Amino acid sequence: MQNYLHTIIEEASLDASEYQWKAPLRDHTWFKIGGFADLFIQTDSILKIQTILHRAKQYAIPIFFLGDGSNIVISDDGIAGIVIDTKTLQKSSPISIISSSEHECQIIASAGVLIEELVLFCIEQQLEGLLHFFGLPGTLGGALYMNARCYEGEIASHFIEATIIENNEIKKHSYIPDEWSYKLSPFQKTHPLIVNAILQVRRSQHPRDTLLTQALSYKQDREQKGHFRYPCAGSTFKNNRAFGMPSGQLIDQCGLKGMQYGGAAISDFHANIIINHSNASASDIYHLVQKIQAEVYQKTSFQLEPEILFIGRGYTQV
Ligand SMILES: Cc1cc2nc3c(=O)[nH]c(=O)nc-3n(C[C@H](O)[C@H](O)[C@H](O)COP(=O)(O)OP(=O)(O)OC[C@H]3O[C@@H](n4cnc5c(N)ncnc54)[C@H](O)[C@@H]3O)c2cc1C
């Protein structure tokens, strides 16, 4: 594989500043866990990325698209092949307004833009609709891939169209309601690179200060709930309302709050959040997830489905 990786670097004409061998990934994740990427690429050139994707496919080199690393656990043994940092893509033109009417507005943003930057842009332009996402960790690409949701709103409600790279082609993928549901997006089936996306928002009658205060209230709510107290990846398991209660409540009622495995623990402030409380490994997180699933199943016959993604060597994705 190493020879192929060298060839890809040459063929894509990557500058020395655009790639790194054996790059440590833990600081690119919110869990602060994970091994190395064989080859880590940070470029803003879509043309170079296209070449990389094309050649990687030809040489059967695995590729992982990294957002802000807020919903993933990276294997202690790292990720084989190439990791592309989407936060550097199209950095020169991150967000702009593409159409505007009296009440509505469409914005286009690079997939690597952080959700917080996106909301701040909206506030600056006196646009509303996305304020409740302020405080949600991650990039726009990650939010679309995961169909992130909070405060009863999901990103799919604003999604119009994305530019993606799939099978070496740059394509448009428009919103089709049937393709989206709770924590599911069409991108989870086909794994394209999301390059940018168009979102629908509303013109606001409120002054910027009011919009900022509203946005900050959502982040403050998260702070009060303890979201940022320890390295974590938010909710560990999806909620299945069919069961009649959120997963956190289910785990709590099974008496599992505070359960530990190595350096990983169920937080004492939210039973659906696993924290890295003392140098946890990916393996600690994995084993704790399995322990929780087994205990909950034994007590309730209900199978919890993880929301966090295990990525890299030893796991199913890449
Ligand atoms: C403290 C905390 C609170 C959280 N609260 C919430 C919450 O309220 N609601 C919620 O839904 N989630 C929540 N999360 C989870 C997380 O914030 C979201 O899932 C977020 O949208 C992930 O974005 P990311 O950029 O970090 O993606 P990553 O974690 O980097 O990646 C997640 C997946 O998206 C894919 N991906 C990322 N970017 C691209 C791209 N450009 N093209 C193709 N694929 C891509 C990756 O390959 C990976 O499979 C929380 C996490 C934390 C740490």
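Read-outs: derived from the displayed coordinates by stated rules, not from any lab. These numbers were taken from a predicted model, which means no experiment stands behind them. Cβ coordinates were reconstructed from backbone atoms using ideal geometry, including for glycine residues, and neighbour counts include every protein chain displayed.
With R₀ set to 45 Å, the beta-carbon distance separating Phe243 from Asn279 gives a calculated FRET efficiency near 0.85.
Taking the Cα atoms of segment 2-88, the ratio Rg/Rh between the radius of gyration and the Kirkwood radius comes to 0.95.
Would you mind calculating the relative contact order of the chain from Cα pairs under 8 angstrom and at least 6 residues apart, reporting the percent as a whole number?
The value is 18 percent.
From largest to smallest, the equivalent ellipsoid semi-axes obtained for the chain from the alpha-carbon gyration tensor read 30, 28, 17 Å. Rounded to the nearest 20, the size of the Cβ-charge dipole of the chain about its Cα centre is 500 debye, with Lys and Arg at +1 and Asp and Glu at -1. 3J(HN,Hα) along segment 37-47: 9, 3, 9, 10, 10, 10, 9, 9, 8, 5, 4 Hz, from the Karplus curve 6.51 cos²θ - 1.76 cosθ + 1.60 with θ = phi - 60°, whole Hz, x for Gly and Pro. Dividing the summed helix terms, -39500 (n - 2.57) for each DSSP H run of n ≥ 4, by the number of residues in the chain produces a 222 nm estimate of -8500 deg cm²/dmol to the nearest 500. Rg ratio for segment 164-221: its Cα radius of gyration over 2.2 N^0.38 Å, N being its residue count, equals 1.62.
Based on C-alpha pairs under 8 angstrom that are at least 6 apart in sequence, segment 61-158 has a relative contact order of 24 percent. Once the Cα-Cα distance is subtracted from the 0.36 nm per residue extended length, the Gln303 to Ser96 segment shows a gain of 70.2 nm.
For the cross-link pairs Lys48/Lys171; Lys48/Lys189; Lys87/Lys172; Lys32/Lys225; Lys32/Lys87; Lys32/Lys291, the ones whose C-alpha atoms lie over 23 Å apart are Lys48/Lys189. A simple charge model with +1 on the Cβ of Lys and Arg, -1 on the Cβ of Asp and Glu and nothing else charged puts the dipole of segment 2-88 at about 140 debye relative to its Cα centre. Extending 7 Å from Cα along the Cβ direction at Tyr151 and again at Gln58 yields two label points whose distance is 4.8 nm. Taking a point 7 angstrom from the Cα of Thr88 along the C-beta vector, which residues in segment 31-60 have backbone N less than 15 Å away? In segment 31-60, the label zone of Thr88 (backbone N under 15 Å from the point 7 Å along Cα→Cβ) covers 37-53. Across the options His54, Ala16, Ala143, the greatest Cα extent toward the positive end of the charge dipole of the chain (unit charges at beta carbon of Lys, Arg, Asp, Glu) belongs to Ala143.
Measuring between their Cα centroids, segment 91-141 and segment 262-318 lie 32 Å from each other. Close amide H partners of Leu309, meaning residues 5 or more places away or on another chain with modelled amide H under 5 Å apart, are Ile72, Val73.
Work out the FRET efficiency for Lys32 and Lys257 from their Cβ-Cβ distance, taking R0 = 22 Å, and round it to the nearest 0.05. According to the calculation, E is roughly 0.50.
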